[in-house]
Amino acid sequence: MPIVQFFLTDVQYRIIGGKAIIYLYGRATDGEQICVTDAHFEPYFYVLPKKGKESSLRAELEKLQVKDESGTFSVVRVDDVSKRLREHEINVFKVVTNLPSAVPVIRESIKGWDSVDAAYEYDIKYVRRYLLDRKLTPLVLTEANVEPTQEKSKVPVLSAKSIRQVSEETLRNPRILAVDIETYNPKGKLINPKEYPIVMLGLYGEDFQKVVSWKQFPSEPFVEHVPSEADVLLRFVELVEQVKPDILVSYNGDGFDLPYIRTRADKYKLRLPVGLDYTDLKIQGTANKTAQMAGVAHVDIFRFIRRVIGRSMKTDTFTLDEVSKELLGTQKVAVPLDRLADDWDNHPENLHQFAVYNVHDARLTNDLIVKLWPNIVELVKIVGLPLWDVSRMSFSQLVEWFVIKQAADFNEIVLNKPNYAEQMERMGKRFKGAFVFEPTPGLYKDIVVFDYKSLYPSIIASHNISIGTLNCQCCQGIKRVPLETANLWFCTKRKGFISTIIADLIERRNRIKDILKKEEKKDPLLSARSESLKLLANAFYGYLGFAQARWYSFECGESVTAYGRDYITQVIEKAQKIGFKVLYSDTDSIFLLLDSRSKNDALTFIDEINKHLPGVMELDYENYYPRGIFVALKSGTEGAKKRYALIDEKGNLKIRGFETVRRNTSPIAKKVQKTVLEIVLKEGDAEKAVAFLRQKVDELRKHITNMEEVTIHTVLQKEVSEYESVGPHVAAAQRMANRGTPIGAGTHIRYVVTKGKGPIRDRVHLPDEITKDDYDPEYYIENQVIPGVERIFAVLGFKKEDLVQEKTQSTLGSFL
DNA sequence: CAGGGGCGGGG
DNA sequence: GTGTACGCCCCTG
């Protein structure tokens, strides 16, 4: 029997002859795209019988059959199995059904039976169940003994007799095709797939780039002109088949491109058989759409970036432009997109620039997934689910599926999701959070920062925090959690499930870090694995307190923060005892003032602390900062981010909690804030910072400041008529409308506030209606620039009145 | 201050 | 399809 080796890229199942068949799509080691089918996996779930009712329940189950218009659902077999439930031995029935869809039906029909105590694992999707039970990890080299079949498909279909994972080798260079569409939008940003056509469809992959458009215009050869929009859609299907990608990648393709393609195809009653089995492009969901095609993993890289990478990125807007700048160091090409519709209708000679823009976006999308591929592969390996699923999961889902995957090795039953009422109850309870030492606002010198390495994960591992070790019989009264409000302890004899898998995560990561330390040229896959393990470990604590978690535990969550508070306050007390002044502390970090002490004293102190820490707990030296500024919080905003800015010895600024990048702020305000911080921290010269501020204020009053600097940008969120209150941006939109500019939801609004009396909305003008002499300096000084720096100067002993004088009639700079 | 509602990305 | 929606921010009662 022939043997094939392949990397699993997508998994589906189909019902054939009343039986579920698993379809494993992948890239064979010879480079061919193939499909391996497995007909030998039975759907099942677990039932816990009531004590004493075992045999009657078994008899009832064995003959259970439910018929409805969609088919017959029946129990095929009932097996006795011993499992563990919340870390304790238990006997349950494994109820095997005829179809995957029979699982929820059968479970539903036994819900009220008095012989049934509980049902488990009835909501684990068949394909996921298959991968986890068979221990097959997507993207990892897999081997199968196969027989060829004649099944109609775009790729050879091979029927597997046996299948197994043979090594840790992963798919390094998947074939990728990126897709991006441009649409006809006469009304600014308003998107309307029912009415407005796709004008161009761009594709990009290695050695492949193409734009398909249904209008003739002068262009380069990568643009293909077809007679109609329907032909664009058909060409899309053909080109995907021609390129045979493992992955179709998009930027917000779930939410935009693919549903748009689907809607346009439906309008023409076209099928879109992009699936390798000729099935249609499938769009699911309404609010949160997803797009799927059999055999080709559609990755919406925007979703992955926002959910998984986003937290560790600098940007907080996830536009393709911003994300590309940060991750790739390149950006989108600038084209006047708001002219596309008009050019499409009236000036085809201008259209080529949009084709260039189109294919460039596809290229960026391609480059993003290539760049992030190591991270994606590692998450897929850790979580063990298909690429399509993993790339769409939130953090809590990734943690949960990692736990579910581990559950098999511990013979643990997967706990059920909480119902709505349970979720509500969980949400109503809050446990005490982290310890925060409020800083005294001020400018400080010689700051050292320590932090606990992965504080919460190491607490969970070191203190054996787990659902099944909580308040065990055997350890009553010993090693209590440092908590006033409850009497909690965790077993010191038996290892817990959650604590063990987290300890394992930490250990795996430490091993990788050791290897990385020795490597001169860091293996990007290993670095990515280390990052992924860290991300996952850090997400565990949040998961324990997440209302929708299967392994939710209020007591575990509150124990983690209780230990956390205990560890950090111990460091604070010890530091104070030997004479360090504590400046600030939050959760796992502590900021100390060196005063007369040296950096070496700080290192000695850390060593001393580490000698007495249990398990994998470790206090780290984070950095030394020659200067730092701590600013008072806005009154009444408790829980708002702490505001501070530090500068290290290399001159790098570390700014936290200053809202430097707010949309409806003028560039001048952002710039002044940033520069003031730089002067204060780099040079420690408050007077110079004041002088800088005064100079900028002077420039505003003298109208030297550029118009661009005082132009405020926002985006219209709805139609102008729908606004109840006329804010400045709405007033600006009305002005645009009055002069005939098409506006609507999504239109970018740029406006300047000008001199005059009355509310701001009456003083709003569009930049090209006025000159530099018209903007209102006092508005920009009072409402934009000063608020951004007021608190910084307050720390330095300057009141608002000291900074700038009120406006006078003097024509000279009046504040010197 | 809680809870509802809208939005993100995309042209 | 082992069905059906996330999480944050803003506004209002």
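Among residues of the range A:313-327 being in contact with a helix residue (DSSP H, G or I) (Cβ under 8 Å, 6 or more places away or on another chain) and among the polar types (S, T, N, Q), the one that is farthest from DNA strand C (Cβ to nearest atom) is A:S324. The residues of the range A:307-321 that are modelled with pLDDT of 90 or more and assigned to a helix (DSSP H, G or I), listed by number, are A:L320, A:D321. Just to be sure, is A:D38 of a type outside the set (G, A, S), surrounded by 17 or more Cβ atoms within 10 Å (Cβ to Cβ) and within 16 Å of DNA strand C (Cβ to nearest atom)? The answer is yes for A:D38.
Only residues that are surrounded by fewer than 19 Cβ atoms within 10 Å (Cβ to Cβ) and either free of Cβ contacts under 8 Å to residues at least 12 places away in the same chain or of a type in the set (G, A, S) (or both) were counted in the range A:92-114, giving 5.
In the range A:270-288, what residues are out of contact with any helix residue (DSSP H, G or I) (no Cβ under 7 Å at 6 or more places or on another chain) and either more than 26 Å from A:I15 (Cα to Cα) or within 16 Å of DNA strand B (Cβ to nearest atom) (or both)?
Of the range A:270-288, the ones out of contact with any helix residue (DSSP H, G or I) (no Cβ under 7 Å at 6 or more places or on another chain) are A:271, A:275-280, A:282, A:284-288.
Correct list: A:Q284, A:G285, A:T286, A:A287, A:N288.
In the range A:283-299, the residues that are near DNA strand C (Cβ under 10 Å from one of its atoms) form Cβ pairs under 9 Å with partners that are among the aromatic types (F, W, Y), at six or more places apart or across chains, as follows: A:K289/A:F256; A:T290/A:W388; A:Q292/A:W388. For the range A:445-457, the criterion of being of a type in the set (V, I, T), assigned by TED's automatic domain parsing to the domain that holds A:W489 and surrounded by fewer than 19 Cβ atoms within 10 Å (Cβ to Cβ) is met by none of the residues. The set of residues in the range A:378-388 being closer than 20 Å to A:N288 by Cα and either of a type in the set (A, V, I, L, M, F, W, C) or in contact with a Lys or Arg (Cβ under 7 Å, 6 or more places away or on another chain) (or both) consists of A:L387, A:W388.
Out of all the residues in the range A:279-288, is one or more at pLDDT 90 or above, surrounded by fewer than 22 Cβ atoms within 10 Å (Cβ to Cβ) and among the basic types (K, R)? Yes, that holds for at least one residue. Tallying residues that are more than 41 Å from the chain's Cα centre (by Cα) and not in a loop (DSSP other than H, G, I, E, B) within the range A:31-65 yields 10. Scanning the range A:763-791 for residues that are crowded, with 16+ Cβ neighbours inside 10 Å, within 14 Å of A:Y751 (Cα to Cα) and among the aliphatic types (A, V, I, L, M) returns A:V764, A:L766.
Of the helices (runs of 4 or more DSSP H) lying entirely inside the range A:352-471, the ones with 2 or more residues being among the polar types (S, T, N, Q) are found at A:352-383, A:395-409, A:455-462.
Could you tell me whether the range A:228-250 includes any residue that is among the polar types (S, T, N, Q), within 15 Å of DNA strand B (Cβ to nearest atom) and surrounded by fewer than 21 Cβ atoms within 10 Å (Cβ to Cβ)? Among the residues of the range A:228-250, not one is among the polar types (S, T, N, Q), within 15 Å of DNA strand B (Cβ to nearest atom) and surrounded by fewer than 21 Cβ atoms within 10 Å (Cβ to Cβ), which makes the answer no.
Kindly provide the set of residues from the range A:89-127 that are among the polar types (S, T, N, Q), in a loop (DSSP other than H, G, I, E, B) and within 10 Å of DNA strand C (Cβ to nearest atom), ordered by number. So that I can check it myself, show each step before the final result.
Of the range A:89-127, the ones among the polar types (S, T, N, Q) are A:91, A:97-98, A:101, A:109, A:115.
Subset that is in a loop (DSSP other than H, G, I, E, B): A:98, A:101, A:115.
Result: A:S101, single match.
Here is a yes/no grid of residues against (1) at pLDDT below 95; (2) farther than 17 Å from A:T142 by Cα:
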{"site": "A:V11", "(1), (2)": "no, no"}
{"site": "A:G18", "(1), (2)": "yes, yes"}
{"site": "A:G26", "(1), (2)": "no, no"}
{"site": "A:Y44", "(1), (2)": "no, yes"}
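Scanning the range A:623-647 for residues being modelled with pLDDT of 80 or more and under 17 Å from A:G442 (Cα atoms) gives a total of 10.
Restricting A:V377, A:V308, A:V359, A:V383 to those that are over 21 Å from the mean Cα position of the chain (by Cα) and among the β-branched types (V, I, T) reduces the list to A:V359.
Yes or no, residue by residue, for (1) farther than 19 Å from A:D277 by Cβ; (2) modelled with pLDDT under 95; (3) more than 16 Å from DNA strand B (Cβ to nearest atom):
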| residue | (1), (2), (3) |
| --- | --- |
| A:D123 | yes, yes, yes |
| A:A144 | no, no, yes |
| A:V157 | no, no, yes |
| A:E168 | yes, yes, yes |
| A:N173 | yes, yes, yes |
| A:V179 | yes, no, no |
| A:E182 | yes, no, no |
| A:I191 | yes, yes, no |
| A:E195 | yes, yes, no |
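The values are calculated or read from the model by the stated rules, or taken from the named source; none is laboratory data. As the structure is a computational prediction, the values presented were derived from the model and not from experiment. Cβ atoms come from the backbone with ideal geometry, glycine included; neighbour counts cover every protein chain shown.
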